[in-house]
Every structure is written in structure tokens, then in C-alpha cells.
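The values are calculated or read from the model by the stated rules, or taken from the named source; none is laboratory data. This is a predicted model, so every value here is computed, not measured. Glycine also receives a Cβ, built like all others from the backbone with ideal geometry; neighbour counts cover every protein chain displayed. The protein model used for the area step is the full one, side chains on, heavy atoms only, and it has no ligands, DNA or RNA in it. Shrake-Rupley method; radii C 1.70, N 1.55, O 1.52, S 1.80 Å.
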Protein chains: 2
Amino acid sequence: MSAAPVPARRARRHDPGRRDRLVATTLDVIAEQGVAAATHRAIARAADVPLGSLTYHFDSLTELLAAAFTRHVDTVAERFDERMRAAPDRTAALGALVEHLTGDLLGSHRDLVLAVELYVAAARNPALRAVTQEWMSRSRRSLERHLDPGTAREVDALVEGLVLHSALSTDPMDADQIRSALLRLAG
Amino acid sequence: MSAAPVPARRARRHDPGRRDRLVATTLDVIAEQGVAAATHRAIARAADVPLGSLTYHFDSLTELLAAAFTRHVDTVAERFDERMRAAPDRTAALGALVEHLTGDLLGSHRDLVLAVELYVAAARNPALRAVTQEWMSRSRRSLERHLDPGTAREVDALVEGLVLHSALSTDPMDADQIRSALLRLAG
DNA sequence: GCCTGATGTGTACGGTTGTTCCTATGAGCA
DNA sequence: TGCTCATAGGAACAACCGTACACATCAGGC
């Protein structure tokens, strides 16, 4: 009779697409708590999956982080290229750039934080450096739809600086200041 | 006869100023390996002191990091204010600013890395945020010796962005580009 | 309907971390 | 000279980490 103390194993859950969901959850954890806090256990808890599930789907934590950042870069880079493709001329492109900065990026604290976490993690992690390289080269290519390579390079650098400043500064510039700075530089 | 296996305790070393040396060593470790790697043990090894010595001199690791970053900020902020004090007029001040950026900061990879490690650590650590606040307000005050508050603010933001970009980008701007960008903005 | 391999689950292991604590020492003062 | 307390030294603790692994389950091809 005595019910043997059954280990109460959680019912197995059929969960196709769990791999994708793990990538998404990883981005959430990074955005909310930083790369340093993005441990296997923290991600597993956030995604409500057992610990072992992470190493089943991803060979290592680094690989998971790389997959997550790659997805984020894909999203942002694609959105930016759309804006550049839609701009008919150089002036419109600069306007779209300002819009991208003040609207897309600065409007979303999440995207901002993710960008910085990536930059910094990449500074010490070769696997992530490849992701930032790819990002930079994509956005450079988008800019070159309308700007000569030299200017594209300068603008790209300024944008990167502005993004970092906006994310980290305790007292970031507002949209108007950014607009005026950008136009003074490349207008 | 049998020599009792004496624990071979290291000779006690009289070491006045060890506290200061620990702060300096902490900065070295951060510069070389990043905040994430700046553990009690790593610092103790680098300073060649026993582990317990760290928590004797500093109540916690965070307190040690804050002490280290505070020292670094003092050094850099003082050097910058000297340059601003020495400049006779606005034009000279802008020149000195460019010199500070391209010479002092970008010339020293160490200072650059320390600045970024501080920015990023501060983003998630309130104790360090106070240090960055102090830094920003000091450099703002130095700039206001020659610039109106509005421009000082903009320049400060751009400088911060440039520093971050220089440290993190895989393809940083060179001194000439920075000079031209700065002068276009505030010249 | 059965088999099987892909997927899900729980646990364990060795290593590292921040911090605590007890003991030892000797510089400086009474 | 002798005392004492700030400092030095070493070991231990519990918590957490990435990763490996053994086992359970079940969807999908036969």
C-alpha cells in the first residue's frame, strides 16, 4: 500500500521549437540581467525547461550566446537595410538614419542594452567577435547604398558611439541633439 | 628525528601600503582580463598576497572594485582638467581636447579599456554608477571653463561615444578622423 | 502495432567563487 | 622590557558554475 515516494518526475512535454524558444529566452535574460548573469541555470529557469535541455540543444553556453546574438543582429540589421532600401536619395537616407537611431534603437531600451552587451562580450570572446564583424559589415553595406565608403565609415562609427553612449550614460542625449549632431557631421 | 611535516607557513611580511598596492593591482587585472575576471583570487595571485588579505582590507569585492575605479577616474580627470586650465581660450581648449582624446586616451590602450570596463560594470552595479557620475560631472566642469554648458554637454557625449567606439570597435577611427569629427561638431 | 532514435528529464561531478574564521606574528607603544 | 592590537596567513564553507551522463518517453517511419 505504502505509496513508494515516487520521484514525481515532471510529465514529459512535447515541445517542438524549443530550440528557438531557448534562443529567444536567452536574449531576454541578457537584456534584463546582462551576459554575466546569463547562465545555463538562469536561462533554464526563465524558459521553464530542465537544465539538461540546454546542453542537449547547444553544445556549450558560448554557442548558445552566439546563436542568441546572431538572431538579434539579424533582426536589427534587416530592419536597417529595409530603411536604406526605401530611401530614394541621400537626403532621405540621412533622415531615415536619424529615424533609425532615435526611433528604432533609442526607442527600444532593450535593443540598446543588447547591442552593448554584445559589444562588450565580443571584446573578450572571439566567438562573439565574428557576430559583431558581420553586423558592422552589413550596416556599412546598407549605408553605402547612398553614401561614399569614407563617409559611411565615419557615420557608422558615430552611430556606434551614439548607441553606446545612449545605453550607458546616466544622462543620454535626446533625439534632437542626436539629429543635430548627425546632420552637422554628414549633412 | 622524523621532521614533523611543518606546514611551511610563509614568513610574515611587513607590508605597509599593501592596501594601496591592492588597489593598483586590481586596476592591472581589470585592464588585462576584464572586470569579470577580477576575482579575489586572481587579484591576490597578481599581488602575491594571501586570499584573506583582500577581505581584510576591503569589506567586499565590490568595494575593492569601486576603490580601484575611483583611483583611475581621479587620475584621468585630473589630467584632463590640467589641460583645460592650461588652455588660454576656446580654440586652444578644443585643440587640447583633441590632444587629450587622441593622445592621452587613445594612445593608452590601458586607459581606454579601463574606461569601458567601468562604463559597463556601472551599468549593472549601483556602487560603480556613482563613480561614473562623478567622472562625468568633473569632465563637464572642466569643459565649461571654455564652452557654454550646452556645447559642453554635447561634446562630452561625443567624447564618451568616441572612447567607447575606439575601445570596442574592431575597426576604430584614427586620430585624424576624430579630430575632424570633433572640430566639425564644436569648432 | 512495434521499433527506434530524437528529444526530454533529473542528477551528479569537479571546479571556482565570495566570504568567514581562527591562528600567528611583530611593530609600536607603555 | 613586555603587551597588545592591527595586520598577515591559511583553511574551510556553502553556493554556484558548466558540463556529462544515465535514464524515460514518445512521435514518426516501418
Item to check | Residue that is most open to solvent (accessible area, probe 1.4 Å) [pool: residues in the range A:38-61 that are within 14 Å of chain B (Cβ to nearest Cβ) and within 26 Å of A:MET136 (Cα to Cα)] | outcome: A:LEU61
Checklist entry - Quick check, is B:LEU64 at negative phi, in contact with a His (Cβ under 9 Å, 6 or more places away or on another chain) and either in a helix (DSSP H, G or I) or more than 16 Å from DNA strand D (Cβ to nearest atom) (or both)? => result yes
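So which of A:LEU143, A:LEU164 is under 22 Å from the mean Cα position of the chain (by Cα) and at pLDDT below 90?
Working: A:LEU143 fails: at pLDDT below 90.
Answer to the selection: A:LEU164.
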Checklist outcome for this item: Within the range A:79-102, the residues that are of a type in the set (Ser, Thr, Tyr) and more than 14 Å from A:GLU144 (Cα to Cα) are A:THR102
Item to check | the range B:17-30 - residue that is surrounded by fewer than 19 Cβ atoms within 10 Å (Cβ to Cβ) and either touching a residue at least 24 places away in the same chain (Cβ under 8 Å) or within 15 Å of DNA strand D (Cβ to nearest atom) (or both) and, of those, farthest from A:ALA37 (Cα to Cα) | outcome: B:GLY17
Item to check | Residue check, B:LEU94 away from DNA strand D (no atom under 16 Å from the Cβ) and within 14 Å of chain A (Cβ to nearest Cβ) | outcome: no
